[in-house]
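Single-structure report; data block below.
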Amino acid sequence: MAEAIVLREYGGPEVLRSESIEVGKPGPGELRIRQTAVGINFHDVYVRSGLYRTLSLPGIPGIEAAGVVEEVGPGVSGFAAGDRIAYVTARYGTYTSERLLPADIAIRLPAAIDDKLAATVLLKGLTAEMLVRQVYRIERGHLVLVHAAAGGVGRLLCQWASHLGATVIGTVGSTEKAEIARAAGCKHVVLYREENFVERVREITDGRGVDIVYDSVGRDTFEGSLDSLATFGHLANFGQSSGSVTAFEVARLSKGSNALSRPVVFHYVADRAKLEGMSTALFDVLSRGALTAQPGKAFPLAEAAAAHEELESRRAAGPLLLVP
Ligand SMILES: NC(=O)c1ccc[n+]([C@@H]2O[C@H](COP(=O)([O-])OP(=O)(O)OC[C@H]3O[C@@H](n4cnc5c(N)ncnc54)[C@H](OP(=O)(O)O)[C@@H]3O)[C@@H](O)[C@H]2O)c1
């Protein structure tokens, strides 16, 4: 029997309760995985609260984890018992100690990347790769604005963009997070709950605005993000931590021939070859130290509710993990 967090109703963190489940043997194309670390993402909060109705209930939430292959199903090549792997999935089911997994989404982990680090950074790091190398290709000299710069994705984005030669302006919710953002490569940090970030961006860029805004905050920042763009600037809205963005006038983009995108990492990793290319790029910057990341603060799997409370409270100054 495995231990799993089974969501039976939408609601607050308290609906995340532990149960025993049967896992069974791997079918064709599947692996049986003993999970060693489970990443926590803001997406999990939307699923738990019912904002996203993408997991049918009862269901096991969670979209990334790392672990060890216990058994290989018929027809699977390239994996053997004992292999260390990590994965991201739009099909959920990661908040568990063991599971069956389609082999075609498993990524073998290099020796330099331990399981807890992989479960902490894989989804966030692939998202950062998508944003700085594909959605908008960051080059030396670009001016970049990253909201929630001390957050899980935010911190990786700041490091990667500054490694590629951009000047990064980060917004954060507290002075403690400002230090984290600076350490992640932000040249300028704006406390956006106290200061008007649009005015600060205009001051910092001598009125020009930025080439790209990476906005995961959504409702509270969307308008200001549009107003922070330079001519030809691009707003990549990739999350909604403060709530969904309401309708806006497309004509607003004509002010500076601006572009708006709403990228989703699962579309980018759906192709196996692309997934491998993106994870190789991520493991490369991590192994070379161009990106530094620590394993997230660990909570026992059974304490998933406490971990969600911490993420939603905005107290979390870094990523969080569940350890089965
Ligand atoms: N599109 C994609 O493919 C994709 C992939 C991965 C993640 N995402 C999205 O990226 C965002 C960041 O994910 P993450 O896991 O790295 O989380 P995170 O950034 O570590 O946590 C969210 C942060 O958002 C900020 N925030 C601003 N207003 C908030 C509010 N009203 N309530 C809570 N937080 C608020 C807080 O930072 P401050 O205190 O500094 O404001 C908070 O720490 C999420 O929206 C997630 O859904 C999207």
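Output the relative contact order of segment 170-253, whole-number percent, from Cα pairs under 8 angstrom with separation of 6+ residues.
23
Per residue, how large is the accessible surface of segment 194-293? Use a 1.4 angstrom probe and give square angstrom.
49
So which trypsin sites (Lys or Arg not before Pro) in segment 120-169 are both in a DSSP loop and have at most 14 other Cβ atoms within 10 Å of their Cβ?
The qualifying sites are Arg137, Arg140.
Could you give the accessible area per residue of segment 30-75, probe 1.4 Å, as a whole number in Å²?
34
Using the Kirkwood radius over Cα pairs, work out the Stokes-Einstein diffusion coefficient for the chain at 25 °C and 0.890 mPa s, in µm²/s as a whole number.
The calculation lands on 122 µm²/s.
Ignoring any ligand, DNA or RNA, what whole percent of the accessible area of segment 218-262 comes from carbon and sulfur when the probe is 1.4 angstrom?
The computed percentage sits at 53.
Could you tell me which GluC sites (Glu not before Pro) in segment 65-156 are loop residues by DSSP with no more than 14 other beta carbons within 10 angstrom of their beta carbon?
Passing both the DSSP loop test and the Cβ count: Glu139.
Using C-alpha positions alone, give me the convex hull volume of segment 132-270 per residue in cubic angstrom.
Residue-normalised Cα hull volume stands at 103 Å³.
In the chain, what % of DSSP beta bridges are antiparallel (nearest 5)?
The antiparallel proportion sits near 55 percent.
Return the long-range amide H neighbours of Asp114 (sequence gap of 5 or more, or a different chain), with a cut-off of under 5 Å between placed amide H atoms.
none
In straight Cα distance, which aspartates and glutamates are under 12 Å from Lys297, not counting same-chain residues fewer than 8 positions off?
Glu310
Between segment 255-324 and segment 45-98, what's the alpha-carbon centroid distance in Å?
Distance between centres, Cα-based: 15 Å.
Taking one equal scatterer on every alpha-carbon of segment 1-136, how large is log10 of I(q)/I(0) by Debye at q = 0.14, 0.18 1/Å?
Scattering profile of segment 1-136, log10 relative to I(0): -0.65, -1.03.
Chymotrypsin sites (Phe, Trp or Tyr not before Pro) within segment 159-254: which are DSSP loop residues with at most 12 other Cβ atoms inside 10 Å?
Phe248
What's the extension gain from Ala81 to Glu139 if we count 0.36 nm per residue and subtract their Cα-Cα distance?
Difference between extended and current length: 16.7 nm.
Dipole size in debye (nearest 20) for segment 1-147 around its Cα centre, Lys and Arg Cβ +1, Asp and Glu Cβ -1?
The dipole of segment 1-147 has a size of about 400 debye.
When the accessible area of segment 71-127 is split by element with a 1.4 Å probe, what percent falls to carbon and sulfur?
Solvent-exposed carbon and sulfur of segment 71-127 make up 54 percent of the total.
Going by average Cβ density within 10 Å per residue, which order do the peptides 76-82, 241-247, 296-302 take, highest to lowest?
296-302, 241-247, 76-82
Averaging sequence separations of C-alpha pairs under 8 Å and six or more residues apart, then dividing by the length of the chain, give the relative contact order as a whole percent.
Relative contact order, the chain: 18 percent.
In whole Å, what are the Cα extents of segment 102-213 along the three principal axes, biggest one first?
Its Cα atoms span 50, 29, 22 Å along the three principal axes.
Which entries in Lys25/Lys116; Lys116/Lys274; Lys187/Lys274; Lys187/Lys255 show an alpha-carbon gap greater than 30 Å?
Among Lys25/Lys116; Lys116/Lys274; Lys187/Lys274; Lys187/Lys255, the Cα-Cα distance tops 30 Å for Lys187/Lys274.
The values are calculated or read from the model by the stated rules, or taken from the named source; none is laboratory data. Being a predicted model, the structure only gives us computed values, none of them experimental. We place every Cβ from the backbone using ideal geometry, glycine too, and count neighbours over all the protein chains shown. These area figures cover heavy atoms from the full protein model, side chains too; ligands, DNA and RNA do not enter into them. Shrake-Rupley method; radii C 1.70, N 1.55, O 1.52, S 1.80 Å.
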